[in-house]
1. Can you tell me which lysines have their Cα less than 26 Å from the Cα of residue B:77? Leave out same-chain residues fewer than eight positions away.
2. Where in the range B:213-315 are there GluC sites (Glu not before Pro) that are in a DSSP coil and have at most 14 other Cβ atoms within 10 angstrom of their Cβ?
3. Provide the per residue accessible area, probe 1.4 Å, for the range B:89-151, rounded to a whole number of square angstrom.
4. For residue B:61, what residues show an amide H to amide H distance below 5 Å, using hydrogens built from the backbone and excluding near sequence neighbours?
5. Treat every Asp and Glu Cβ in the range B:196-289 as -1 and every Lys and Arg Cβ as +1, leave all other atoms uncharged, and give the resulting dipole magnitude about the Cα centre to the nearest 20 debye.
6. From the residues B:139, B:119, B:164, which one has its Cα farthest along the dipole of the range B:96-166 in the positive direction, the dipole being from +1 and -1 charges on Cβ of Lys/Arg and Asp/Glu about the Cα centre?
7. State the percentage of accessible surface on the range B:170-332 attributable to carbon and sulfur atoms; use a 1.4 Å probe and exclude ligands, DNA and RNA.
8. Suppose every K and R has +1 on its Cβ and every D and E has -1 on its Cβ; what is the size of the dipole of chain B about the Cα centre, in Debye to the nearest 20?
Amino acid sequence: MSKRTAAALIAAGTAAASVAVVARRRSTDAAGSPDSNESRWRVVTIARPEAEVIVDGALPAPLIELADLIDVRTSAAPGDRGTELAARIRPNSAAGDHGDRVGQLRAALRRSKQLLETGEVATNEPQPEGHRPATPAGLLVDALARRSPEKGIL
Amino acid sequence: MKALCWTGINKLTIENVDEPTILNPSDAIVKVTMTASCGSDLHLLGGYVPGMRAGDILGHEFMGEIVAVGSGVSERKVGDRVVVCSFMSCGQCWYCTNGLTSLCDNTNPHPGLGEGLFGAPTGGCFGYSQITGGFAGSHAEYVRVPHIDTGAFLVPDGVTDEQAVFASDAVPTGWMGADLGGVKPGDVVAVWGAGGVGQMAARAAMLLGAEKVIVIDRLPERLEQVRSVIGAETLDYSSGEVMAELRERTGGRGPDVAIEAVGMEAHSERPDYVYDKVKTMLKLETDRPTAVREAILSARKGGSVFVLGVFGGVVDKFPLGAVMNKGLTLRSAQQHGHRYIPMLLDRIAAGEISTGHLATHVMPLDQGPQGYEMFKTKADGCVRAVFRP
Ligand SMILES: NC(=O)c1ccc[n+]([C@@H]2O[C@H](COP(=O)([O-])OP(=O)(O)OC[C@H]3O[C@@H](n4cnc5c(N)ncnc54)[C@H](O)[C@@H]3O)[C@@H](O)[C@H]2O)c1
Ligand SMILES: [Zn+2]
Ligand SMILES: [Zn+2]
């Protein structure tokens, strides 16, 4: 085998391997099975000092419900940006019947940040709306919007 | 109450809907006195932006009178006559305290959608699809305004509704393009698009000291407004010679700052237009970036390009080689209006920025569907259809 073919094969192999990784990640996500990295630290930066994020050792209210399931840590954010609040599903914690635990954690972190920074959680329900026909596309948009606080890269 | 609802691609209907209520302490209810159509609404209307839902109330450029406030409101009060920024700002997060208010972390209830599409969500916006939070828009008798203290600005006495309403969206958007595009005294600036946004960008560039401003479009009545009201030069792109013409008019250099105010439905005489049209029809490309390409190719070496036009997804044949080899700075944003609106209202009051001429068609909200049809087809010289609910 010439050097050039070998290099080409290696390149092709790497490409195929990375495609496989992407494909695998897609399929687990699409199937809604537990996040491949459930115990990754998920972090929000909150424009408040650490002492206002963890007050006398107490977690921000939205995280309290998940306290048995999660590890939490905080650190000062660089550049005076406040506090990095990080939480993860405790590794090897029993799955239990908690449903989408990562989704709940994402939503709780986002709510914690909003409450600490603004004192409220962004919402638009209920609000005025016109007739909402139950078309497949419409129901899909509704479902995506409803689950959106639990979704994303966080 | 009455509201103008999106009911499907290119379909709008006036419907009877519930009145909004206060949901959060920072909220207010605003009785809408004037609400305008914007080029962005055309992208929503035409189904170019994902996440629209039949029954969504359109409208994000508006003004009105505060009729109720939540328990946490301290700056604004019932009776205030205000213009409201189309994007929402909490005033507290890092983005809001750094002047990047359309990127607010705390005003979009649907963060996962933007994170999926763009890697991070934008802030909330009125009447602008689920991606920006799914908020009911202003084409209605009343609208709920979260964070009224940061988002609503008192209209100076003597400024009419027709003048003030554009301080909600078109004026700050245009100003941002010139400001963050880096326009400075002595610059030559080219602006693609002579709609409300492009005209305001051109005026901003002049006020920031540009020595020559050239606005590119093909609609004669808009180009006439640019010359007679804004005071800038014009270039008709239907000649098909935009790049050569710009080169000639800029001493062979190209514009220092190129501002694109056209967006994802650009039309063109250029051959790539047909390519984009076919690709978007086949759903192989979501947006048509014709004017962005031309702005990048026309800008002078080391110049800057600011994309004000709205894009929602992916584009093809993006001239990255020109960006790289010509050393361009490329910037873009949804408008960060909060940092500019008080100053802009003062300039409108002082007669430095003319806006009323954009309201070419003022009509009752009942005629919303007809107004949008005119605006979409640019019939009867329509620059913006504006509604009084
Ligand atoms: N960044 C923001 O926050 C923000 C805010 C408001 C609007 N916008 C966007 O700005 C854009 C313009 O808004 P508008 O209200 O002025 O819209 P508009 O539809 O009134 O005007 C667009 C103009 O572009 C012209 N045009 C089309 N193709 C062109 C080309 N190839 N070269 C030059 N001109 C061309 C049209 O003839 C038209 O006059 C839209 O994409 C809108 O979504 C962005
Ligand atoms: Zn707009
Ligand atoms: Zn904010």
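The values are calculated or read from the model by the stated rules, or taken from the named source; none is laboratory data. Keep in mind it's a predicted model, so treat the numbers as computed, not measured. Here Cβ is always computed from backbone atoms with ideal geometry, including for glycine, and neighbour counts include all displayed protein chains. Areas reflect the complete protein model, heavy atoms only, side chains present, ligands, DNA and RNA absent. Shrake-Rupley method; radii C 1.70, N 1.55, O 1.52, S 1.80 Å.
1. Within the straight-line cut-off, residue B:77 pairs with B:2, B:31.
2. Values: sites: B:221, B:224, B:233, B:241, B:245, B:248, B:260, B:265, B:269, B:285, B:294; in loops: B:241, B:269, B:285.
Passing both the DSSP loop test and the Cβ count: B:241, B:269.
3. About 25 Å² of surface per residue is accessible.
4. So residue B:61 has HN proximity to B:36.
5. For this selection, approximately 100 debye.
6. B:119
7. That fraction is 55 percent.
8. 760
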